[in-house]
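Chemist: After the structure tokens below, expect a handful of questions from me.
The values are calculated or read from the model by the stated rules, or taken from the named source; none is laboratory data. It should be emphasised that the depicted structure is a prediction, and the values quoted were computed from it without experimental measurement. Because the Cβ atoms are built from the backbone with ideal geometry, glycine has one as well, and the counts that use them run over all protein chains shown.
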Amino acid sequence: MTRLLVAAAALAASLALAPAALAHVELEKTSPKAHSTVKAPSAVRMTFSGPLRSASLTVSGPGSRTASSGHGGRDPRNINRAVVSLKSGLAAGKYTVKAKVTAADGHQETFTFWFKIKR
């Protein structure tokens, strides 16, 4: 009987915590690919495991100069993706992407990755 009560309590606890585990969106893919070296892209895209309510992305390059045009946002063609346009004529070097996203359920997360632009 005690084992049954313990098992029932464990099941109830796991079911109660399941929605919290589902609240997180995971970063599935970036373009350019994280930690890669590429020719200068026109935009940065981040694809997540679930829908986003909102997103803000900034890209900074060598000398901490702003490389993004504005703060981007949720891609109107794909609610699981965030996108920001980049300025033209970016110099070779390392670029850091910082993103703040809000999942459809309201959960907020931040993500950071870098890529390099080659000459």
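Chemist: Here's a check for you: in the range 19-51, which residue that is modelled with pLDDT of 95 or more, among the small types (Gly, Ala, Ser) and surrounded by fewer than 16 Cβ atoms within 10 Å (Cβ to Cβ) is nearest to the chain's Cα centre (by Cα)?
Modeler: Ser49
Chemist: To continue, here is another question. From Gly72, Gly61, grab the single residue that is at positive phi, surrounded by 17 or more Cβ atoms within 10 Å (Cβ to Cβ) and not aliphatic (A, V, I, L, M).
Modeler: From the options Gly72, Gly61, the qualifying one is Gly72.
Chemist: Scan the range 78-94 residue by residue and report those that are within 17 Å of Leu27 (Cβ to Cβ) and buried (at least 16 other Cβ atoms within 10 Å of the Cβ).
Modeler: Result: Asn80, Arg81, Ala82, Val83, Val84.
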